[in-house]
Amino acid sequence: MDVVFKKPHALTDAPLHYCPGCTHGIIHRLVAEVIDELGIEGETIGVASVGCSVMAYDYFNVDFVQAAHGRAPAVATGVKRSDPSKVVFTYQGDGDLAAIGTAETVHSAARRENITVIFVNNAIYGMTGGQMAPTTLPNMVTQTSPYGRNVEAVGYPIKVCELLSEVDGAAYLERVAVNNVANIRKAKAAIKKAFQNQLDGKGFSLVEVVSTCPTNWGLTPAKALEFVETDMLPYYPLGVYKDIYAEGGEK
Amino acid sequence: MGEKVLMKGNEAIAEAAIRAGCRHYFGYPITPQTEVAAYMSKRMPKIGGTFLQAESEIAAINMVIGVSSTGKRVMTSSSSPGISLKQEGISYLAGCDLPALVVNVERGGPGLGGIQPSQSDYWQATKAGGHGDYHNLVLAPASVQEMAALTIKGFELADKYGMVAMILADGTMGQMMEPVEIDDIEIKTVDKPWALTGTGMKREHNIVNSLYLKPDLLEIKNFERYEKYAAIERDEVMYEEYLMDDAEYCIVAFGISARVAKNAINAARAEGIKVGMLRPITLWPFPKDALLARADQCKAFISVEMSMGQMIEDVELAIKCKKPVYLCNRVGGMIPSPEEVLAKIKEVGGAN
Ligand SMILES: Cc1ncc(C[n+]2csc(CCOP(=O)(O)OP(=O)(O)O)c2C)c(N)n1
Ligand code: SF4
């Protein structure tokens, strides 16, 4: 019998601890499939961040280091500088990458550090129980914006791809989503490209994946996927924000 | 044997690090340690190493974590305010049992403080400046030659025990020029089977991590780490004694304070006062037993420090408060003069 669906080799057998309907699991799978397809499992080193995905080191079959909150790109810089022949990626949430780690994000991009960043934007701090994130939408209710995010008082969400597209060093920036099959396919292609870029020495490549947090959004998994379409994507439009090697250059 | 060359303390650290096989340096500019970075920025590109000026001390220490997790020797240097920023990373290094060399060329504090020499980060260095139960190996050089020697020793100890070795120097040590001899050393490498080198599809994946959500496991990790610390306290204590054989008074001082104190001791001896010195070279592990061994012989101890009195507590604990311990100090970037130390010796002599 032909096997038509199997677990990627780059994923371990450890059961994922993510909540039902959380798209962290899909994103893990996409990254693992890409690692399999590129045949880079043996030379890949991952950097886990602080957030719901902190235990990514248990889920991927590759060497892993767990970084302090926000510091994954700096740790990845050290790993990559130590051995440029290795494939180095970070896996970070929005609180990690766009609040406490903003400086590390911007500067690793500015240095065109030859690493791959998987940025999971679920508009909330998942792990700590649903506080307002730098990416929380205007008027969105969270534990620390119980009356809705009041942009007058607390400021506006940060659009990471748009922000980084002004950083000369950033080589490839794309925002994708995993809320339906078509988008999942595109997300995988973008992740593959972000890894391939590193193999080709092209420098800093970041894929922002618009993700869900049904638990802290207070929505069923199905409703959460709908929320991505109706609320998240209008604020965070999908697409390639920068690709310095593409024909016609940058968007 | 190498030849003697005239070098600044900061440069001696950088050159010694290179001789010790360190090929990765990350830092952020701050006075009075800038020469370390300047030296590294010149040398590293020529020997296939990495010099990277990070966006902050926080980023720099995390880059150190990255290199260290791959098993290679790596260092960063800074001065007091920058070392404060590195504390989270130092705590992670401790929690991951990763080796690294961290250099603190101290200046006066707190806050932005000043840029003149100080020893007021003693507590931060020796008592775990970041969160959690841990120690750093803390080495306190008192000459340019020792800046070099302890840098090499620091890398070796860090690798041997899987932890941070910190050079706790001060602005004078960093800026002072002295002849120094740095031999080409034989690099003692340590097996690092835990290092992240890629599985090569040949082994289980390695994980460098400090997270243990199960409290019983985290407790075991802490207990194990403290067994390692106990071995270090037993085996790695370093100190120098000066004129202690017949001493009735014992000065305890490290770094530049010890050099000043030596002059004062010589002057006091000329006047017939029997005073000597115990100079800790490792501040952690602290030479507790060596001090206790002098507690019956001496009438009093004097802690000479460029802080409001930080090491003095360790002296009191070491001698189990058997004898009085006096403080002779200047702070804020001021250095005690031999005359001030001599006056203190006489005052203590008069009272005891
Ligand atoms: C220095 C520090 N500050 C705060 C925390 C607490 N903390 C743990 S996870 C987290 C939020 C992570 O949110 P995000 O990056 O959006 O990832 P998600 O959990 O949503 O996947 C915070 C603030 C920490 N561990 N370290
Ligand atoms: S809290 Fe949210 S982000 Fe975290 S696992 Fe649950 S659904 Fe996913």
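Remarks
- Antiparallel bridges, percent of DSSP beta bridges restricted to the stretch A:59-180 (to nearest 5): 40 percent
- Per-residue ellipticity at 222 nm from helix content only, as computed over chain A with -39500 (n - 2.57) for each DSSP H run of at least four residues, stands at -8500 deg cm²/dmol.
- Rg/Rh ratio calculated on Cα atoms of chain B (Kirkwood radius): 0.99
- Solvent-accessible surface (1.4 angstrom probe) belonging to A:Ser85, in square angstrom, nearest 10: 80 Å²
- Kirkwood-based shape ratio for the stretch A:37-128, expressed as Rg/Rh from alpha carbons: 0.95
- Distance distribution P(r), the protein assembly as shown, all Cα-Cα pairs, bin width 10 angstrom from 0: 3, 16, 24, 22, 16, 10, 6, 2, 0, 0 percent.
- Remark: C-alpha extents of the stretch A:38-85 on the principal axes read 27, 23, 13 Å, sorted largest to smallest.
- GluC sites (Glu not before Pro) restricted to the stretch B:237-293 and DSSP loop, no more than 15 other C-beta within 10 Å: B:Glu248, B:Glu271
- Placing one equal scatterer on every Cα of the stretch B:176-318 and applying the Debye formula, the log10 ratio I(q)/I(0) at q = 0.09, 0.10 Å⁻¹ is -0.49, -0.57.
- Qualifying trypsin sites (Lys or Arg not before Pro) in the stretch B:254-352, DSSP loop, other Cβ atoms within 10 Å at most 11: B:Lys320
- Here the stretch A:1-27 and the stretch B:11-40 have alpha carbon centers that stand 46 Å from each other.
- Rounded to two decimals, the Cα radius of gyration of the stretch B:136-244 over 2.2 N^0.38 Å is 1.41.
- Calculated P(r) of the stretch B:224-277 - Cα pairs past 17 Å, %: 48 percent
- Members of B:Lys221/B:Lys320; A:Lys86/B:Lys160; B:Lys8/B:Lys86; B:Lys127/B:Lys188; B:Lys46/B:Lys72 lying beyond 20 Å, as alpha-carbon distances in this model show: B:Lys221/B:Lys320; A:Lys86/B:Lys160; B:Lys8/B:Lys86; B:Lys127/B:Lys188
- Taking all pairs of distinct alpha-carbon atoms in the stretch A:132-223, Kirkwood radius in angstrom: 15.2 Å
- Pairs of Cα atoms in chain A fall into 10 Å distance bins, from 0 up to the last occupied one, in shares of 8, 34, 38, 17, 3, 0, 0 percent.
- Scattering profile of the stretch B:240-351 at q = 0.21, 0.23 Å⁻¹ [log10 I(q)/I(0), Debye over alpha-carbon scatterers]: -1.11, -1.37
- Protein accessible area in the stretch B:240-351, 1.4 Å probe - carbon and sulfur %: 52 percent
- Protein heavy-atom accessible surface, 1.4 Å probe, per residue over the stretch B:240-351: 39 Å².
- Taking only alpha carbon atoms, the stretch B:243-301 gives an Rg to Rh ratio of 0.97, where Rh is the Kirkwood radius.
- Among the GluC sites (Glu not before Pro) in the stretch A:187-231, none sits in a DSSP loop with a Cβ that has at most 12 other Cβ atoms within 10 Å.
- Looking at the stretch A:24-243 alone, DSSP beta bridges between its own residues are antiparallel in about 20 percent of cases.
- Take every DSSP beta bridge whose two residues both sit in chain B; close to 25 percent of them are antiparallel.
- Accessible-area value, B:Met308, 1.4 Å probe, nucleic acids and ligands omitted, Å²: 140 Å²
- Amide H contacts under 5 Å for B:Leu283: B:Val138, B:Leu139, B:Ala140, restricted to partners 5 or more places along the chain or on a different chain, H placed in the peptide plane at 1.01 Å from N.
- Within chain B, helix-based [θ] at 222 nm, where runs of 4 or more DSSP H residues each add -39,500 (n - 2.57), nearest 500: -12500 deg cm²/dmol
The values are calculated or read from the model by the stated rules, or taken from the named source; none is laboratory data. The structure displayed is predicted, hence computed values, not measured ones. Backbone-built Cβ (ideal geometry, glycine too); neighbour counts: all protein chains shown. To get the accessible areas, we keep the full protein, side chains included, count just its heavy atoms, and leave off ligands, DNA and RNA. Shrake-Rupley method; radii C 1.70, N 1.55, O 1.52, S 1.80 Å.
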